[in-house]
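Accompanying notes for the structure given below.
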Amino acid sequence: MGEDELMCLGDSITLNAGSGYISYQWQNGTQDSTLIATSPGWYWVIVSGPGGCTSVDSIYVDTYPPIPIDLGNDTLMCEFNSFTIDAGPGFLNYVWQDSVVGQTYLVTNTGTYWVTVTNDIGCTATDSIYVGISPAVNVSLGADTTICSGDNFSLSPGNEFVSYEWQNGSTGSFINITSAGTYWVHVTDINDCSGSDTVNIAMNPSPQLDLGADTIICEGQELFLDPGLFSTYVWQDNSTQPFYNVTSTGIYSLTVTNNFNCDATDDIFVEVSSPNINLGPDTLVCEGSTIILDAGPNFSSYLWHDNSDQQYNTVDTAGFYFVNVINDIGCEGGDSIFIDYAPLPVANLGTDKELCEGDTITLISNAGPYTYLWNGEIGGYQNEITEGGTYTLEVSNQCGSETDQITIVEFQRRDVNLGADQILKPGESIDLNAGTGYDSYLWQDGSFNQYYHVIAESIDPDHPYYYVEVVEGPCKSSDTIRIELFEIKVPIAITPNGDGANDVFKPFEDTWNGINQHHIMVFNRWGEQVWESEKFEEGWDGKRNGKYVSDGTYFWILDVFYGPQDIKQTLRGTLTVMGQ
């Protein structure tokens, strides 16, 4: 197949094994006499002749080095400008996308541009570049304007540009304006596109305002500020008068405008002098002590409540004290103080006491501006005691402290118990027992024995409560019991004629209390049962099997279960039925 071969990158070469052979076998399995090579590498073929003999041959195919063609990255050109693309030197031939030849190409419109170059061995390569349009630089310094002299005014096209050049040669993003004139700026953006703008600045005079030097006045005096004639006035408190009366310390500022609507501002600090005298806060001292009041140094004159004229004054009694002074600029001032005298603390809890379990004793000390420590813990002048023990009180103030101690003996409370509520039937009685060992007894009627006898006939249904209070040492205990009379009342006759009056046999509601369950039966004079129910309170209407019974006398038996113990009682009686 010949010597090893070189081909251009991206091209192909045809390998020919020759003619006249019976069969061909290439390395990729094809069986033609030729093979097209498209990539570098070893290629071989096995051929068979007419006599059955075989032969093998191989060849190495390689590529020439890549052609170094590079038009650069996609780029932008300034609007209304042109851009030159350079494919680089050293090639035999250059053909651009529109068949123009040459190493360079002038771009005036946006689009994709490419070039195919051929080197000295006949290989070719192609590269492309996209050229976009960068919008024209929009530069604005604003409209022509008029400013006031002394204004803090500057021009700026914005800070988004790469470079700036002003008419005076400065290169910052802004320029301060101090005089009238024509101002221009030339800028360049990140795409190296440029633009410029010009503005005319006129200047009007600003008003001349002077409120004077900072000054001092005495308390009670006034300072009249008169700035002169202007178009408008705005003081620090938004008032708009052409003058201002100052009566207190502070900074006073004024903004004025003239006929050109230019403004100016000035301020003045005015101090209202009042001699800085401080006798201190009202204070409390111990009885028998003295205190020296100091009006402070460096005053021209002093005058105390007692007409003394020195810096100091000695006080040994409670009262209201004052002093007047004059400072070196002739301003007057004064101060006063109230001196009170505190007594020595006293702690007195009295004698030891007894306390009943669950009760409270209030220990009381002298009230006043003292600190109270009860068994080491801070509290008030009163302490609620709920259990026995030893209690120590320390009363203190700036004059000292005093301590007292008291012992509280606690007694265990023994509660009285009259038992559960009771229900008595007529003729019954009960003895209430408050228990033994108490010092005294007091019942609801004023009696004072351990026992209290209750009979059924004495029970007041409106006030069925019995109460006792017992005393044992410092302890009191009480209990209340409810005792009710159990008595059921029923009609002795009914007239079941449908007139709505006395038609039904049932118990009277005011005696039907405390009943848990019941059972009633009604019999005629021959012993036949005519009615039976466990709902006696709903009543019997005088009917048997839906028909009224005959007039006459009937007998009833009522079993009731009542009270917490579910006591059973059987009641019997007669009933007259008449007037059907």
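The values are calculated or read from the model by the stated rules, or taken from the named source; none is laboratory data. Keep in mind the model is a prediction, meaning the values are calculated, not measured. Glycine gets a Cβ as well: all are built from the backbone with ideal geometry, and neighbour counts include every protein chain shown. Accessible surface is based on the protein model in full, side chains and every heavy atom, while ligands, DNA and RNA are left aside. Shrake-Rupley method; radii C 1.70, N 1.55, O 1.52, S 1.80 Å.
Taken over the range 83-106, residues that are β-branched (V, I, T) and touching a residue at least 40 places away in the same chain (Cβ under 8 Å) amount to 1.
Quick grid of which residues meet (1) among the charged types (D, E, K, R); (2) touching a strand residue (DSSP E or B) at 6+ places or on another chain (Cβ under 9 Å); (3) open to solvent by less than 70 Å² (accessible area, probe 1.4 Å):
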site: S478; (1), (2), (3): no, yes, yes
site: I483; (1), (2), (3): no, yes, yes
site: E487; (1), (2), (3): yes, no, no
site: I492; (1), (2), (3): no, yes, no
site: T495; (1), (2), (3): no, yes, yes
site: G498; (1), (2), (3): no, no, yes
site: K506; (1), (2), (3): yes, yes, no
site: G514; (1), (2), (3): no, yes, yes
site: H518; (1), (2), (3): no, yes, yes
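Selection within the range 381-401: residues that are closer than 14 Å to N366 by Cβ and outside any strand (DSSP E or B). The member of this set that is least open to solvent (accessible area, probe 1.4 Å) is C399. The C-beta contact set for the range 134-149 (first residue under 17 Å from T178 (Cα atoms), second residue assigned to a loop (DSSP other than H, G, I, E, B), distance under 7 angstrom, 6+ apart or interchain) comprises L141/P157; C148/S206; C148/F260; C148/C262; S149/P205; S149/S206. Hey, could you check the range 524-568 for residues that are under 16 Å from P507 (Cβ atoms) and aliphatic (A, V, I, L, M) and say which is nearest to the chain's Cα centre (by Cα)? It comes out as V560.
Can D352 be described as modelled with pLDDT of 90 or more, acidic (D, E) and farther than 18 Å from P281 by Cβ?
Values: modelled with pLDDT of 90 or more: yes; acidic (D, E): yes; farther than 18 Å from P281 by Cβ: yes.
It is true that D352 is modelled with pLDDT of 90 or more, acidic (D, E) and farther than 18 Å from P281 by Cβ.
Here are some conditions: (1) among the hydroxyl-bearing types (S, T, Y); (2) open to solvent by less than 50 Å² (accessible area, probe 1.4 Å); (3) out of contact with any strand residue (DSSP E or B) (no Cβ under 6 Å at 6 or more places or on another chain). T247 meets all but one. Which one does it not meet? Every listed condition holds for T247 apart from (2). A single member of D120, D127 is open to solvent by 30 Å² or more (accessible area, probe 1.4 Å), over 30 Å from W184 (Cβ atoms), outside any loop (DSSP other than H, G, I, E, B) and among the charged types (D, E, K, R), and it is D127.
With the checklist (1) among the hydrophobic types (A, V, I, L, M, F, W, C); (2) open to solvent by 40 Å² or more (accessible area, probe 1.4 Å); (3) within 30 Å of D192 (Cβ to Cβ) in hand, flag the one item M77 doesn't pass. The number of the failed condition is (2).
Taking each residue of the range 275-290 that is closer than 13 Å to A342 by Cα and open to solvent by less than 50 Å² (accessible area, probe 1.4 Å) and looking for partners that are part of a loop (DSSP other than H, G, I, E, B) and modelled with pLDDT of 85 or more with beta-carbon atoms closer than 6 Å, six or more apart or interchain, yields C286/C399.
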